[in-house]
Amino acid sequence: MSSILTNNSAMVALQTLKSINNDLSKTQAMISTGKEVGSARDNSAIWAISKVMESDVKGFKAISESLSLGASSVAVARNGAETVTDLLTDMKEKIVAARGENVDRTKLQEDITALSDQISSVVSAAQFNGLNFLQGTDDVNVLSSLDRSSDGQVVSSNITVARQDLSAEAGVYGTGADLSPNVTAADGAGNLAAGGGADFSNAGNTMTIQLAAPTAAAANTYNLQVAGETITYTSDAAGNTATSVAAGITAALNAAGIEGITATEATGTITLTSSSQFDDVEVNFSTSDATVTANVNGGGAGAAGAGFTDETIDARASTVSFSATAAVSEGDGYRVNVGGVAYDYVAGKNETAEDVARGLKTVIDGAQIANVTTQVVQDSTTNEWVLQLDNAGADMTLTAEGAAEGQATGGLVGIDTLDVTTDDGVAAALANIETMIDTAIDSAAAFGSSQGRIDTQSEFISNLTDSLKSGIGALVDADMEETSARLQALQVQQQLGVQSLSIANQAPQTILSLFR
């Protein structure tokens with residue numbers, strides 16, 4: 001049925017043309033913007049995901065800038081620590097030269113002072129944008145990542161860079177918990193209690209050997225080995241007593257001239273005295289007399305004819321021993337009082353009892369106490385780190401104590417007090433410069449490790465940002481080849497739609513022919 005009021009063909013053709021024009025409009029928008037999903041209307045789910053990822057990309061751009069700033073700051077610190085290491089090495093060369101006899105120590109001291117001043121200048125100048133990693137102990141966090149969990153929660157991550165204090169600051173002794181039980185002061189014979197005091201003496205330590213019941217009517221040999229040297233005494237064929245045998249051994253020992261060892265005798269008792277500062281002296285005794293008894297240091301009766309082995313005369317130096325089981329925390333301070341004057345060292349981050357012992361040695365050496373020399377060793381039996389102090393002058397008191405919650409001492413404390421104008425000063429300076437060089441090397445290595453980690457993270461963030469951008473593009477970008485082909489097809493469909501609509505609009509004209 002034909003109608004002049006309703007043209008179904010035109011309506012179909014018009015709807016088809018509208019649909020084609022709508023698709024053509026979307027395709028042209030995709031071509032002009034390059035995006036398949038340009039707004040939430042196009043695909044709300046994909047659009048939401050892409051916007052979250054785009055926000056992450058902007059966040060990672062800020063992180064990349066933070067990492068660049070951190071890398072620059074750490075690079076300056078590393079360069080500073082390496083420079084300090086080189087200067088300390090130069091200083092060591094001057095100190096070694098001062099050990100010679102035909103040298104001008106005054107000139108060498110001037111050079112060492114100049115190098116010390118230069119190190120202080122380098123440490124102060126090694127800052128980037130006001131941040132100096134070579135002073136203080138507080139860690140610095142460098143923003144390194146944004147971590148998004150499956151539930152949408154976002155947490156920032158940091159790379160922690162530890163400061164390496166290469167200053168010569170003395171630190172501040174704390175007022176916190178009492179740490180005195182962790183440190184024990186004792187003279188060479190072990191006569192000081194924890195935190196207690198007694199004479200810090202220059203007297204040599206001693207060993208007593210008591211002889212009893214030698215064979216009176218026989219010639220016997222008595223061998224006494226001291227500090228690796230053996231002396232032999234042969235008794236008379238008759239009339240021997242403990243006193244006469246002890247006197248003969250004593251005379252033979254003194255005649256041997258063993259360095260630092262003297263002997264006296266009284267009523268059958270031999271007293272050996274050692275002036276050794278830091279080294280124990282080993283003593284062994286043997287005899288061919290099957291009846292003689294030798295007791296060491298007033299001990300119980302020894303077996304007849306047995307003698308003894310591996311007994312020691314303790315070193316003269318007094319000791320400050322640090323517990324091998326007590327942990328050392330940042331701010332833990334230890335104080336050694338020598339003759340009523342306090343010398344402090346406050347531990348920094350990640351330091352150990354060894355660091356505390358060596359730090360106290362440096363501080364005490366820097367004070368240049370007359371006749372006092374120091375050494376740090378580890379007790380092979382207890383594993384305790386021990387600060388040994390030798391006194392070659394008048395008797396003094398010696399005490400040790402500790403307290404928590406202090407402000408850490410600088411890693412190069414004492415560098416400005418190194419003294420090579422005396423033999424003792426040269427010896428102390430050589431030992432302490434090694435500790436300082438190790439500190440500077442460890443600092444430079446720590447900064448190098450941190451810088452490497454930051455550089456790796458920076459490269460990762462750069463690659464991650466590129467991957468996120470690529471992922472966003474895969475979600476929202478238009479496929480231009482496909483879109484171009486679709487555009488051409490839609491343009492042809494549009495032309496055909498227009499023609500179809502034109503034909504449909506001409507259909508009512510045929511009705512006029514019915515009325516002619």
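Given the structure, is residue 55 among the polar types (S, T, N, Q), outside any loop (DSSP other than H, G, I, E, B) and under 22 Å from residue 462 (Cβ atoms)?
yes
Given 165, 117, 187, which one is modelled with pLDDT of 90 or more, of a type in the set (Asp, Glu) and buried (at least 17 other Cβ atoms within 10 Å of the Cβ)?
When all the criteria are applied, what remains is 165.
Could you give every pair whose Cβ atoms fall below 9 Å, whose first residue belongs to segment 143-171 and is within 22 Å of residue 67 (Cα to Cα), and whose second residue is open to solvent by 60 Å² or more (accessible area, probe 1.4 Å) and among the basic types (Lys, Arg), counting only separations of at least 6 or pairs across chains?
Within 9 Å, the pairs are 144/453; 154/148; 155/148; 159/453; 161/453; 162/349; 163/349.
Here's the yes/no breakdown for (1) open to solvent by 30 Å² or more (accessible area, probe 1.4 Å); (2) touching a residue at least 40 places away in the same chain (Cβ under 8 Å):
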{"residue": "256", "(1), (2)": "yes, no"}
{"residue": "266", "(1), (2)": "yes, no"}
{"residue": "270", "(1), (2)": "no, yes"}
{"residue": "297", "(1), (2)": "yes, yes"}
{"residue": "322", "(1), (2)": "no, yes"}
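Name the residue, out of 236, 280, 289, that is surrounded by fewer than 20 Cβ atoms within 10 Å (Cβ to Cβ) and more than 27 Å from residue 187 (Cβ to Cβ).
Residue meeting the stated conditions: 236.
Residues to consider are 192, 179, 143; find the one that is modelled with pLDDT of 90 or more and crowded, with 16+ Cβ neighbours inside 10 Å.
179
Can you name the residue in segment 367-418 that is on the phi > 0 side of the Ramachandran plot and either part of a strand (DSSP E or B) or touching a Gly at 6+ places or on another chain (Cβ under 9 Å) (or both) and is also surrounded by the most Cβ atoms within 10 Å (Cβ to Cβ) among such residues?
414
Residues to consider are 278, 322; find the one that is modelled with pLDDT under 90 and under 27 Å from residue 390 (Cβ atoms).
Answer to the check: 278.
Condition first: within 60 Å of the chain's Cα centre (by Cα) and open to solvent by less than 60 Å² (accessible area, probe 1.4 Å). Now tell me which residues in segment 12-31 satisfy that.
30
Given (1) buried (at least 18 other Cβ atoms within 10 Å of the Cβ); (2) closer than 14 Å to residue 305 by Cα; (3) under 60 Å from the mean Cα position of the chain (by Cα), where does residue 221 come up short, assuming only one miss?
All conditions are met except number (1).
Specify the residue that is most open to solvent (accessible area, probe 1.4 Å); the eligible residues are those in segment 32-69 that are small (Gly, Ala, Ser) and in contact with a Ser or Thr (Cβ under 8 Å, 6 or more places away or on another chain).
Across segment 32-69, the extreme among qualifying residues is 68.
Do we find that residue 515 is farther than 24 Å from residue 26 by Cβ, surrounded by 12 or more Cβ atoms within 10 Å (Cβ to Cβ) and without any contact (Cβ under 8 Å) to a residue 40 or more places away in the chain in this structure?
Considered against the rule, which asks whether it is farther than 24 Å from residue 26 by Cβ, surrounded by 12 or more Cβ atoms within 10 Å (Cβ to Cβ) and without any contact (Cβ under 8 Å) to a residue 40 or more places away in the chain, residue 515 comes out as no.
The values are calculated or read from the model by the stated rules, or taken from the named source; none is laboratory data. Quantities reported herein were computed from a predicted structural model and do not represent experimental measurements. In this analysis, Cβ positions are derived from the backbone assuming ideal geometry, glycine residues included, and neighbour counts consider all displayed protein chains. Surface accessibility is based on the protein's heavy atoms, side chains included, excluding ligands, DNA and RNA. Shrake-Rupley method; radii C 1.70, N 1.55, O 1.52, S 1.80 Å.
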